[in-house]
Structure formats: structure tokens, C-alpha cells
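Notes to accompany the following structure.
All of the numbers you see were taken from the coordinates with simple rules; none came from a lab. Owing to the predicted nature of the structure, the values given are computational and were not obtained by experimental measurement. Cβ atoms come from the backbone with ideal geometry, glycine included; neighbour counts cover every protein chain shown.
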Amino acid sequence: MNGTTKPYGVLAEFTTPADIMHAAEKIRDAGFSRWDVFTPFPVHGMDRAMGMKNSKVGWFSFIGGVTGYTTGMLMIWFLNAVNYPIVIGGKPMFSPFSAFPPSYELTILFGAFGALGGMLFLNRLPRLHHPLHKNRRFLQVTHDKYFLVIECDDPKYSEKETVKLLQAAGSKHIEMVEE
Amino acid sequence: MASQVSKQKLPVVPAELERIPLVRNGRSIGWISDQICNINEGKLPIWWWASFIPSVVLLGLLGVMLGYQITTGVGVWGNQHPVMWGWDIINFVWWIGIGHAGTLISAILFLLRQKWRTGVNRAAEAMTIFAVMCAGIYPALHVGRVWYDWWLFPIPNSNGPIWPQFRSPLMWDVFAVSTYFTVSVLFWYMGLIPDLAVLRDRAKTKIKQFCYGLFSLGWTGSNRHWSNYEKAYLILAGLSTPLVLSVHSIVSLDFSVSQLPGWHTTIFPPYFVAGAIFSGFGMVLTLLIPLRSMFKLEDLITMRHIDIMCKVTMATGSIVAYAYGMEFFIAWYGGNPSEQFHFLNRAFGPYWWGWACMMGFNTVVPQLFWFKKVRQNLLIVFIISILVNIGMWFERFVIIVLSLHRDFLPSNWGYFKPTWVDICTFLGTFGLFFTLFLLFLRFLPMIAISEVKGVTPQADPHHPLGGAKHEEAEPDNAGDLTGDLTK
């Protein structure tokens, strides 16, 4: 490669979930901010070990659900009571009861889109390129290896100290990843 | 002597039963992806082709039948006055009911923290989606003029202000079924994202890398992503739970909102939901029992999984049996002569054989699952699961045809017979279902890889197998009394 490639971060490999969780606790306590843990499955307790807050996906889903319910009720009222009123079996033109089942389904529909869309938005996915995907060793992340990555952009980052810290945290293999 | 006395005072601690592991033989985390991806990457087994080719032929038959029906008219079906809902609606309800087990496994069992679901949920969700597709064909064609199907949806049009009317349960059904299909696909796809990333990272060819890479959306397994992912998954499970309960409830309202004896009853929503889950579990067992041995997945879909699914089938079958009994009781207790006649006609009328199949296969046969020997015998379980599906088909036959063929006025009575088009269309939907299911088996991971990995002891950072040091290890049974008492 030419000399213009920038380093992206340090990649440290671990072999068990317990090891990477203890390493994450150390990195959290050292005060890093631009770092992440990569695992083949969600490791329970890792959010706390990384000092993360509760996910905000719920808000997206909630807003979706409220939108769905409101859309359903207003749509049915407008279509059957205002724009095209037609008497069916002497029933009222609009009743919240008969309008409820479709509105309920729309609540769930929009709430589900909110949950999936919110997840993708918060994770900035889809993302078709990521520096880590070029790393051969990182392919094991979906198999059975656990990785901790500290980005070079982190204000606390210094190549020597960070590598030393990760070695002390118990990583058996550490390498630099290019942008 | 003194030591013996003090020993007698100790309470007797029952021997601890060993928990049957969800993944047998202590398989490693890497083995799980190897074994499941082998289905997608290895050579296609001969049985796959032997099932795929007839499925595609049947799919072709479906195409011909639908083409014939569309170009000729609904009259090619056996639907005749007074039985205007025939095999089309029977098959619609039957297929959509089958779908319900997939959502029950993926959503309700997730909320109930049933970890065994991880072994079967992916295939069951695929079954849901394909079954709903088969179901959706029927009402879409039953309307007669397929090219007006878009009238079912509130789409602005140039026919003056003219809109669907939302006071009809049939309209609610449009929303319930289309939402059910969409949300099932979203839920299924979201579960697939991390597993598509597994296939992407293992892919050897450029095309596979590109396709799996595109659909895995650049998933890296980042914990910041997992955090949002797990929350979204929980919310989708929470939304799918009321959804699945509402879908078959609304399907049942198509019937129970009418005035017809046999349809006009308040027990329908819970009874339909239980029946749907019952038939769905039957189908899950029918599909997974052969698959687990043909793909060598016995360590992932263990006998424990089969055992639990048999128990769920038995429980829901018992609810259905209770509902059958309660219908008869209410017919007698309600004192409505039309209702009473209808239920006697079910058992002793011209369609007594349909009623007998329904009662036998749905109430008697699943009770065999009380015996562990039956639940452990895969051949018997497989046969029972098929009988359950047949029984549930006859349940819809009994509800629809028997209620319609003899209503209030004897001059209005009739006898329904299916035509060859009815039969071939139904066979054709099996072609659609199995074609899609076999393609799913080949191109997508049929077991949720990352979820199964997550329920192994090696994945638990507090378990010795997950790398926990002795002093901090707290296995599942931490805090039980045995430790203190033996001190």
C-alpha cells in the first residue's frame, strides 16, 4: 500500500466472553470513548462493562405506534364518515369500536417499522464499507472470536500506551488496522 | 453416635436434577456455525432435489389452476349456493393458522424467556411467512375479479370518493393479515442480519460475498449495535405477541360477527387462536423431524426440543377439545333450536365423517402425548403431527361447510362437493410452500446461529466454560441451599 493509508485503530483478540468483558471494564475505567467490542453473539453484561446507557430504540417504536394508531383512526373517520358516508346496516358512520381493529394493526405495523428503522438508524446501518471488514483476522468475529477495537481518533489514544493496556487486559493477539 | 444424630437433623436435600443442555455433546461455538452453514455451503443432498422437483411441478400446477380460475371465473370452484365459502376459505384459514406457531415460537416464547426456542425459531418463522403467502392467495382470488383486488385497500382512486367500509370484519382481516405478513417478514429479516454476516464472512465466491454482504447490511457484531439490536428484537417480540393473538381473532370474527348457527359464538377468538397454534406446532414437527436427521442437526434440535413441542401440541389440543365441548354445551344450554339442530347435524348429519375426523384427530390423538414413550418416538410423533394437520383442516371444513349447508330454512339446504380445480389448487399451494421452504433451507441459515451460540454455557461470561475464573463463577443454580447445608 502507499504511505497515505491512515491507521484506524488497534484490534485486540480474545478467546472467551469473560476475558473480553474484563478487558472492556478496564478500557471503560481508563476513560476511553471511541472504542467498541465485537462479539459473535450479544454477551450479557457487556453493556454495563462498557458503561453504555439503555438503547433508545424504544422511542422510535413508540412514535411509530402512536403514528399508526392516529393514522388508522383519522383515516377511517375521514373515509367512512366524511368523504364517503354510506349507511351500512344502520350502524353509526364512525365508531371507535369498529375502527379499533384496523387501527390496532396499524399501531403494530408502524411500531415494528419504528423498531427496525430505529435500530438501523441508531447503528448507522446499512453500511457497505467498514475498515474492520478488510482485516482477515476480524472475519472470525462472526465465528467464535471476540475483539476489542480502540480507534486512533480517541483523545486518550497513544499507540504505545494503548497496546500495553490491551496486553495487560489479557489479549493474546494485537494488531493495527488501517483505515 | 453423636455425629449420626446431628446428621439426622439435617433436612433431606433432593438430588439435583441435571438440566438437559440445549446444545448436546458440549459442542463448541465454532462448531455451531460450521454445522449450520454446512447446509448452505455443502453439496446439495439428493433428497433435496427429490423434494424440490415435485414441489416446483406442484407450483406449476398452482399457476395453471389460478390462471384457469382467473380467466374462467369463481364457478370453477365448488362454491355453490348455499355454501358460498368452500375450500378457498377453509384453506385460507388452515394455512394462516399454521403460520401462528412460528410467531408463537419467535415472539411469545422469547418474552417468556424460553431459551429452547433458539433451535427452532428460524425455520418456524420461515414456515409462517410461506404459509401466510399460501393463505393470501385464496381471498385474493375468491373475490372473482382479481384485477380489482386493490379495492381492498384504501387507495385514492378516480371513481369519485369511494372507499372500503371499515365496519366489516372482512376489512379488518385485510389489515390483520397484511400487517401479520409484513411484521413477520421484518422480524424474520432482523433475526437473519447477524447470521447473514456469518455466511458473508465464510463466503468463498464473489457472488456469495456480495449477496450475503448486501443483505447483512454491513453487520460487524459491535456491542453498541447488539445493544440496539436486542432492544429492537425485544420490542418486535412484544409487538408480535398481541399481533399473532389478534390475527386469528380477527379471522374468527369474519365468522362470529354473522348470525349463522355454528358461526355466531363468542368463544371463537380464543378457540381459533389455540387451534392455530395447535396446527402450527403440528406443521413445525412435521417439518423439523425429518430435517434434523437429514441435516445431522440432532445436537441442535434435540429430543428435548421435540418433547417440549409435543407438550405444547397436547396443551393447545386440549384447549381445542374444551372449545368443542363448550360449543355443544352452549348449544344445549342456550336453548336456541337452530343452534341445537346445527350441532346435532354436525355429529349425525350428512357430513358426520368430517366431524368425526376433526374430533378424532384433534381431541383424541394428541392426548397420546401424555406418555413420554410416545413423545420420544420420532415416527409416532411425526405421524401424530400429520394427523393434527389433517384434523385441523377438517375443523375448518366443519366450521365453514357444515354451518353453511343447512341454515334456518330447509328449502335453503344443499350439499357441497369440491371440484377438481379446488383439489388441484390446494395441492398447488403445497408446491408453493415447499418450493419456498426448500430454497430457504439452501440459501439461508435454517437455525438462528447467533442466538443458539448465545444460549450455550460457553457464551456466558459468568460460567466456567465462558472463561470465568473459579471465584467469580456463578452458574445457573447459584444461591441454592446445597452449598450451605453441606458445610
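Helix B:223-256 against the longest principal axis of chain B: what's the angle in degrees, Cα atoms only, rounded to the nearest 10?
Around 30 degrees separate the two axes.
Mind checking the dipole of the protein assembly as shown: about its Cα centre, +1 per Lys or Arg Cβ, -1 per Asp or Glu Cβ, Debye to the nearest 20?
For the protein assembly as shown, the charge dipole is close to 700 debye.
Filter the cross-link list A:LYS145/B:LYS453; A:LYS53/A:LYS156; A:LYS53/A:LYS134; A:LYS53/A:LYS160; A:LYS134/B:LYS204; A:LYS56/B:LYS231 down to pairs whose alpha-carbon distance in this structure exceeds 18 Å.
A:LYS53/A:LYS156; A:LYS53/A:LYS134; A:LYS53/A:LYS160
So if a site counts as exposed when it's one of the GluC sites (Glu not before Pro), its DSSP state isn't H, G, I, E or B, and it has at most 14 other Cβ atoms within 10 Å, what's the longest stretch of chain B without one?
With GluC sites (Glu not before Pro) excluded where exposed in loops, chain B gives B:19-297 as its longest stretch.
Based on DSSP H runs of at least 4 residues, each adding -39500 (n - 2.57), what is the mean residue ellipticity at 222 nm of chain B after dividing by all its residues, to the nearest 500 deg cm²/dmol? Don't skip to the answer; put the middle values down first.
Working: 17 runs with 302 residues, N = 487.
After summing the helix terms and dividing by residue count, I get -21000 deg cm²/dmol.
Toward the positive end of the charge dipole of chain B, about the Cα centre and with charges on Cβ (Lys, Arg +1; Asp, Glu -1), which of B:THR435, B:CYS134, B:THR313 goes farthest?
B:THR435
Run the helix sum for chain A: -39,500 (n - 2.57) per DSSP H stretch of 4+ residues, divided by residue count, reported at 222 nm to the nearest 500 deg cm²/dmol.
That comes out to -13500 deg cm²/dmol.
In whole Å, largest first, what are the principal axis extents of the Cα atoms in segment A:57-122?
That gives 48, 19, 12 Å along the principal axes, largest extent first.
As I understand it, the value is the acute angle between the Cα axis of helix B:378-397 and the longest principal axis of the Cα atoms of chain B; what does it come to in degrees, rounded to 10?
Between helix and principal axis, roughly 30 degrees.
When each pair of different Cα atoms in the protein assembly as shown is counted once in the 1/r mean, what is the Kirkwood radius in angstroms, to one decimal?
Values: mean 1/r = 0.0360 Å⁻¹.
Result for the protein assembly as shown, one decimal place: 27.8 Å.
Quick check: the distance between the Cα centres of segment A:44-105 and segment B:308-351, to the nearest angstrom?
36 Å
Relative contact order for chain B using alpha-carbon pairs under 8 Å, separation at least 6, rounded to a whole percent?
29 percent
In µm²/s, what is D for chain B at 37 °C and 0.692 mPa s, where D = kT/(6 pi eta Rh) by Stokes-Einstein and Rh is the Kirkwood radius from Cα pairs?
Stokes-Einstein gives a translational diffusion coefficient of 132 µm²/s.
So what is Rg over Rh here for segment B:1-141, counting just Cα atoms and using Kirkwood for Rh?
Result: Rg/Rh = 1.28.
Percent of Cα-Cα pairs more than 20 Å apart in chain A, please.
The calculated P(r) of chain A puts 66 percent of pairs beyond 20 Å.
Between B:TYR189 and B:SER411, take the C-beta separation as r, use R0 = 51 Å, and let me know the FRET efficiency to the nearest 0.05.
0.40
Using alpha-carbon pairs under 8 Å, 6+ residues apart, how would you state the relative contact order of chain A in percent?
Dividing the mean separation by the residue count of chain A yields 49 percent.
Can you give the mean number of other chain Cβ atoms that lie within 10 Å of the Cβ atoms in peptide B:30-39?
Counting other chains' Cβ atoms within 10 Å and averaging over B:30-39 gives 2.
With a ≥ b ≥ c the root eigenvalues of the C-alpha gyration tensor of segment B:332-375, is it rounded (a/c under 1.5), prolate (a/b larger than b/c) or oblate?
oblate
Can you give the charge dipole size of chain A about its Cα centre, rounded to the nearest 20 debye, using +1 on the beta carbon of Lys and Arg and -1 on the beta carbon of Asp and Glu? Don't jump to the answer; show the numbers that get you there.
Details: 18 positive and 16 negative charges, 34 e Å.
Computed about the Cα centre, the dipole is about 160 debye.
Under 37 °C and 0.692 mPa s, how fast does segment B:279-432 diffuse according to Stokes-Einstein, given a Kirkwood radius computed over C-alpha pairs? Answer in µm²/s, whole number.
189 µm²/s
Need one number: the % of Cα-Cα pairs in segment A:83-179 sitting beyond the 24 Å mark.
56 percent
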